[in-house]
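The values are calculated or read from the model by the stated rules, or taken from the named source; none is laboratory data. Bear in mind the structure is a predicted one, so any value in this text is a computation, not a measurement. When we count neighbours, we look across all protein chains shown, and the Cβ atoms used for this are built from the backbone with ideal geometry, even at glycine. Surface areas here come from the heavy atoms of the whole protein model, side chains and all, with no ligands, DNA or RNA. Shrake-Rupley method; radii C 1.70, N 1.55, O 1.52, S 1.80 Å.
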Amino acid sequence: MTGTPNADTPTTDPAAPAAAALPTAPAVSVVGPGEGETVLLGTTRMRILEDGGTTGHRLGIAESVIAPHTPGPPQHRHAGHDEGFYIVSGSVRFTVGDEQHDAVAGTLVVVPPGAPHTFANVRDEPAVMLSTFTPDPYVRYFRELRDLHAGSEAVTPEAQLRLMRRYATEPADAPAPGPS
């Protein structure tokens, strides 16, 4: 069969510059040990590894080191993103509704939108977990939460609730979002 080549067909003209034949490769992010953006949230140190800038905002990734005996956030649910937690070391207690799960190193917990959840480190040693956010906007929530706590005024529960709601997050005791 003869005809005009498809625009998607790579050129084989030996006189064509090699760079013109290759599509531009997407940027690759490499974050080494000790690199990334650190966000301090009380006794938890979060290291943002991917804020969505490399993934077209489809995925955010953070590593959290949770100090011993650190209570987690109030039980809540997200309407706009999935959240994944991979326990790297230690143990993290997840509360999902009325159920508790003690997740040890090597455990993956995936929380879909609408599922009530929280987590805490109830043990005597630090815990390290890797979190994913799909899509990524929730990474900005942690930056804003850090800034809220770093401000000169006391942080009220109302201020925290307003911040949560900007990121489609509600306390678990609020009605679950349903179809509109």
Each residue of the range 54-63 in order: what ³J(HN,Hα) in whole Hz does its phi give by Karplus 6.51 cos²θ - 1.76 cosθ + 1.60, θ = phi - 60°, with x for Gly and Pro?
-> 8, 9, x, 6, 7, 8, x, 9, 9, 10
Efficiency of FRET from Cβ geometry, Arg140 and Ala27, R₀ 22 Å, rounded to 0.05 = 0.65
Rounded to a whole number, what % of the accessible area of the range 66-119 do carbon and sulfur atoms account for, probe 1.4 Å?
-> 59
Residues listed by number, the range 35-55, amide nitrogen under 18 Å from Ala67 label point at 7 Å toward C-beta = 38-47
Rounded if a/c under 1.5, otherwise prolate or oblate - the range 23-172, Cα gyration tensor axes = rounded
Peptides 62-73, 34-45 ordered by average Cβ neighbours within 10 Å, highest first | 62-73, 34-45
Can you give the FRET efficiency for His149 and Ala172, using 1/(1 + (r/R0)^6), R0 = 30 Å, r = Cβ-Cβ distance, to the nearest 0.05?
-> 0.85
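State the extension gain, in nm to one decimal, for the chain segment bounded by Ala115 and Arg162, taking 0.36 nm per residue of separation less the distance between their alpha-carbons.
The span from Ala115 to Arg162 would gain 14.9 nm if fully extended.
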Using the Karplus equation 6.51 cos²θ - 1.76 cosθ + 1.60 (θ = phi - 60°), what ³J(HN,Hα) coupling, rounded to whole Hz, does each residue of the range 23-32 give in order, writing x for Gly and Pro?
-> x, 5, 6, x, 5, 10, 9, 10, 10, x
Between beta-carbons, use under 15 Å as the cut-off and find the net charge around Ala120, counting Lys and Arg +1, Asp and Glu -1.
-> -2
